[in-house]
Structure formats: C-alpha cells, structure tokens
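Since the structure comes first, as structure tokens, the remarks are kept for the end.
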Amino acid sequence: MNTFAYWPDRATHARVWSLAWPMMLSNITVPLLGLIDTAVIGHLPEPHHLGAVAVGSMVFSILYWAFGFLRMGTTGMVAQACGRNDGARIRTLLGQSLILGAGIGLLILLLRTPLTTLALQLMDPEPAVLASATQYTAIRAFGAPAVLCNFALLGWFVGNQNTRITLILLTTTNVLNMLLDLLFVFGFGMAADGVALATVCAEYFSLLLGLWFCRRMLGRLPGHWAWQQLRRLHDYRELISVNRYLFVRTLLLLMTFAFFTAQGAQQGTTILSANAVLLNFLLLISNALDGFAHATEALTGKALGQKKRRGFYQILVCATLWSAVSALLLTLIFGLGGRPIIQLLTDIPAVREEAIRYLPWIVLLPLIGTWSFLLDGIFIGTTRVKAMQDTMLVSVLLVFIPVWWLSQPLGNHGLWLAFLSLFAARGLTGAWVFRRLNRQHAWFRPER
C-alpha cells in the first residue's frame with residue numbers, strides 16, 4: 001500500500017474525529033462510575049461493604065466482558081451492511097443480536113446461584129465481605145439480560161456511524177446510576193445491596209432508552225424486517241461464527257489479566273496494590289485509544305461494504321496518524337504527571353513508592369499498545385475476527401508466557417515486561433496478518 005497515494009483529506013479527518021470523540025467521552029464515564037460507587041459506599045462506617053462492592057463488581061465485570069463479542073461482532077457486520085445500504089440486513093442483525101444477548105442473559109440469570117457462588121469461592125473474601133458480596137451479586141445478576149442487550153445496541157449504533165447516541169446512552173445511564181446510588185444508600189439506608197439495585201435499574205433504563213433510539217433510526221432506514229430470519233436457527237450462523245472467534249480472543253485476554261493480578265499478589269500486598277493503581281492508568285489509556293479503534297471499525301466496515309478502496313485506505317492512514325499522536329500525548333502525560341497522579345490515588349507511602357518504581361512501564365504502554373487497539377478495530381470492521389483470535393493465541397502462548405517464565409528473576413519488573421510484550425506481540429502479529437491480507441488483495445480486487 002502506497003501511503004502517500006491514500007493520504008487522507010480534510011473530510012476523512014472530520015469523519016474519523018466525529019466518531020472517535022463521542023466514544024472517548026463515553027469510555028471515560030465507565031471508570032468514573034466505578035469511582036463514584038467506591039466513594040458512596042466508602043463513606044459507610046463498616047468497611048466490609050466496600051470490599052463487597054469491589055469483589056462483586058469484579059465478578060460481573062469479568063463475566064460480562066467475556067460476552068463483549070456481542071458489541072464487537074455486531075459493529076463490523078452492521079457497518080458493512082450500512083455501506084451496501086442494505087436496510088433489511090441492518091434490521092436483521094439488530095434483531096438477531098438482541099435475541100442472542102437476551103438468551104445468554106437469561107441463561108446467566110437462571111444459573112446465577114452456582115455461577116456467583118463459584119466466583120466468590122475462588123476469590124475467597126473474609127466472611128463479612130462474603131455475606132455482603134453474596135447479597136450484591138444476587139441482585140446484580142438480574143441485570144444480565146439488559147447488559148448483554150445493551151452490548152448489542154451499542155455495537156449496532158457504532159456500526160451505523162452513530163456514536164453520539166452511544167455517548168448519550170452511557171452518560172445518562174451512568175448519571176442515573178450515580179443518583180440512584182445516593183438515593184438507595186443515603187436515602188433508604190441500604191449498603192452494597194443498594195449499589196447493586198441502582199446498577200440494575202440503570203441497566204434497564206439504558207435498554208429502554210436504546211430501544212427508543214433504535215425505533216427512531218429504523219424509521220429512516222430503507223427496506224423491511226425479514227422476520228423469518230429471526231426465527232430460523234441457521235440464519236444466525238454468520239453472527240455466531242464471527243462471535244465465537246471474538247469469544248475465544250476475549251477469554252484469552254481475561255486469563256492474561258487474571259494471571260497478571262495473581263502473579264502480582266504472590267509478590268505481596270504492596271506489589272498487588274501498586275499494580276492495581278497502575279492498571280487504572282491502563283484503563284484510561286485503552287479507553288482513550290479505543291475511540292479511534294471504534295471509529296476505524298465503523299468506517300472501514302462501511303467502506304468495505306461500499307467497495308470504496310480509496311476511502312478504505314484513507315481511513316486507515318488517518319486513524320493511524322491520530323492514534324500515534326494520541327499515544328505520544330498520553331506518554332507525555334504519564335511521563336510528566338504520573339507521579340503526582342499516583343500520589344492522588346493513594347496515601348500509603350509503600351504503595352506510592354512501588355507504583356512510582358514501575359511507572360516507566362505505563363509511560364511506554366501507549367506507544368506499544370496503540371497498534372494492537374487500532375488493528376483490532378480494522379479486523380472487527382472487516383469481520384476478519386479469526387485473525388484477532390489467532391494473533392491473541394500466538395501473543396499469549398508464544399510470547400507472554402515464555403517472557404514471564406524467563407524474566408521471573410526480575411520480579412515485578414519481569415511481570416510488567418511480559419505484559420508489555422503481550423501488547424507488542426499483538427501489534428506485530430496483527431501487522432503481519434494485515435500485510436498478508438493486503439498482499440492477497442483480501443479487502444478489494446486488484447485495480448486494473
């Protein structure tokens with residue numbers, strides 16, 4: 001690919017930014033909600049309630065994250081249908097994704113007791129925390145159908161190039177969640193159960209609001225509903241095929257994060273706490289850079305559906321430029337401001353000292369990790385999701401684990417080296433796959 005032949009014009013920059021900035025702001029609301037939950041429950045006199053919310057929310061974060069394919073898989077397929085102006089297919093994908101999300105959510109709800117009991121046993125909290133966390137998880141499980149349907153809706157809106165609705169949905173839902181936190185905990189005298197109930201109410205509000213926005217958008221789409229494709233199981237084959245690769249990829253990523261946390265815990269509470277502080281930085285970095293990945297998903301998928309070769313490569317060059325600029329900016333922010341940010345996040349001198357010691361790894365992370373985020377966006381938009389699964393398999397099994405094994409004498413530095421090696425490997429293997437597909441003219445037929 002000749003980069004200069006596909007240099008993006010002003011309109012391409014505008015399209016990328018118009019989709020990226022709402023997603024960046026939307027993503028910021030997610031960690032903000034966690035901070036508000038912690039602040040509200042942290043003002044109660046009994047400390048075990050805070051532990052219960054931390055443990056319980058982690059259970060559902062991991063559980064729901066495993067089904068994040070409902071968002072990613074829907075986006076790429078809808079974007080391509082949008083490029084073809086295939087209103088019937090866009091409708092079908094919406095219906096199928098919602099049915100799939102609701103079905104998995106109901107299954108989680110039916111199996112809530114054994115699932116949450118097993119998860120809490122694995123975490124092994126102290127008895128007071130366990131009792132409160134059990135109450136919390138019993139309530140949170142009722143939100144599963146709404147959460148997974150919301151994943152499908154978010155993917156559908158992004159695929160339709162409408163990230164502003166995503167911003168409205170996440171912002172209003174999280175604000176409602178915060179207000180209900182205050183009402184249930186301070187107004188009604190509830191504790192961890194109040195935080196759980198507030199979250200479930202907000203999740204169903206988000207679903208209703210999302211469906212209302214859907215109804216408005218569907219009125220402007222061409223075509224009609226193909227109801228028979230929602231009833232026949234074999235018509236879900238393409239959606240399930242795409243999602244199964246994403247499911248494996250996400251499970252591998254979850255296992256890596258769990259392994260990283262467990263290995264840090266084996267080095268002592270101080271190291272575990274310091275790593276937890278630094279992982280908050282990772283969350284901010286990934287949320288910021290994911291804005292361009294989401295824009296890439298929607299725009300490359302649409303360009304592929306329209307068979308617009310020039311537009312496709314212009315989007316790739318534009319997204320690459322802005323991802324690199326954003327990565328440099330984040331590196332400067334954490335390089336210059338990382339130490340004072342750590343001091344704001346914790347008052348414990350030993351944790352501060354350890355977090356500052358390992359801060360250079362976070363400073364490097366944006367420059368190393370941005371390419372894996374961007375390539376994931378390309379593969380999702382073009383529905384080349386098997387490539388995402390395969391690059392993750394190679395990166396985890398042939399890079400992350402061997403690097404960790406060989407660098408164990410370095411202690412926590414070795415653990416962070418392995419963690420950054422994972423992101424580097426994802427970027428390199430993803431770039432290799434992209435180059436191979438490009439040489440095979442997998443995106444478009446060769447120009448004559």
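The values are calculated or read from the model by the stated rules, or taken from the named source; none is laboratory data. Bear in mind the structure is a predicted one, so any value in this text is a computation, not a measurement. Ideal geometry is used to build each Cβ from the backbone, glycine not excepted, and the neighbour counts take in all protein chains shown.
Being surrounded by fewer than 16 Cβ atoms within 10 Å (Cβ to Cβ), modelled with pLDDT of 85 or more and over 20 Å from the mean Cα position of the chain (by Cα) is true for just one of A81, A5, A14. Which residue is that?
Of the residues listed, the single one that is surrounded by fewer than 16 Cβ atoms within 10 Å (Cβ to Cβ), modelled with pLDDT of 85 or more and over 20 Å from the mean Cα position of the chain (by Cα) is A14.
Against the conditions (1) part of a helix (DSSP H, G or I); (2) under 20 Å from L253 (Cβ atoms), where does L336 fall short? Just the number, please.
L336 satisfies all of (1) part of a helix (DSSP H, G or I); (2) under 20 Å from L253 (Cβ atoms) except (2).
Each row is one residue, and each column tells you yes or no for (1) among the hydrophobic types (A, V, I, L, M, F, W, C); (2) buried (at least 23 other Cβ atoms within 10 Å of the Cβ); (3) touching a strand residue (DSSP E or B) at 6+ places or on another chain (Cβ under 9 Å).
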{"site": "N280", "(1), (2), (3)": "no, no, no"}
{"site": "H294", "(1), (2), (3)": "no, yes, no"}
{"site": "A298", "(1), (2), (3)": "yes, yes, no"}
{"site": "R309", "(1), (2), (3)": "no, no, no"}
{"site": "Q314", "(1), (2), (3)": "no, yes, no"}
{"site": "C318", "(1), (2), (3)": "yes, yes, no"}
{"site": "W322", "(1), (2), (3)": "yes, no, no"}
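So if I check each of P360, P366, which one is in contact (Cβ under 8 Å) with a residue 40 or more places away in the chain and either not in a helix (DSSP H, G or I) or not basic (K, R) (or both)?
Criteria check complete, one pass: P366.
Tell me which of these G337 doesn't satisfy, since it passes every other one: (1) farther than 12 Å from L367 by Cα; (2) in contact (Cβ under 8 Å) with a residue 40 or more places away in the chain.
Failed condition: (2).
Would you be able to say whether some residue in region 106-119 is within 25 Å of L246 (Cα to Cα), among the small types (G, A, S) and surrounded by fewer than 22 Cβ atoms within 10 Å (Cβ to Cβ)?
yes
How many residues does region 343-399 hold that are charged (D, E, K, R) and farther than 30 Å from I240 by Cβ?
5
What residue, of R164, R244, R249, is in contact with a helix residue (DSSP H, G or I) (Cβ under 9 Å, 6 or more places away or on another chain), surrounded by 20 or more Cβ atoms within 10 Å (Cβ to Cβ) and among the basic types (K, R)?
R249
State whether one or more residues within region 315-333 are of a type in the set (V, I, T) and either in contact (Cβ under 8 Å) with a residue 60 or more places away in the chain or not assigned by TED's automatic domain parsing to the domain that holds A425 (or both).
The answer is yes, given that some residue of region 315-333 is of a type in the set (V, I, T) and either in contact (Cβ under 8 Å) with a residue 60 or more places away in the chain or not assigned by TED's automatic domain parsing to the domain that holds A425 (or both).
Go through region 104-141 and give me each residue that's in contact with a Lys or Arg (Cβ under 8 Å, 6 or more places away or on another chain) and among the hydrophobic types (A, V, I, L, M, F, W, C).
A138, A141
With the requirement that a residue be closer than 27 Å to W65 by Cβ and basic (K, R), what does region 207-243 give you?
The answer is R237, and nothing else.
Do we have any residue at all in region 162-176 that's within 18 Å of L98 (Cα to Cα), free of Cβ contacts under 8 Å to residues at least 24 places away in the same chain and more than 17 Å from the chain's Cα centre (by Cα)?
Checking region 162-176: not a single residue is within 18 Å of L98 (Cα to Cα), free of Cβ contacts under 8 Å to residues at least 24 places away in the same chain and more than 17 Å from the chain's Cα centre (by Cα).
Any idea which of (1) at pLDDT below 90; (2) part of a helix (DSSP H, G or I) is the one F67 doesn't satisfy?
The failed condition is (2).
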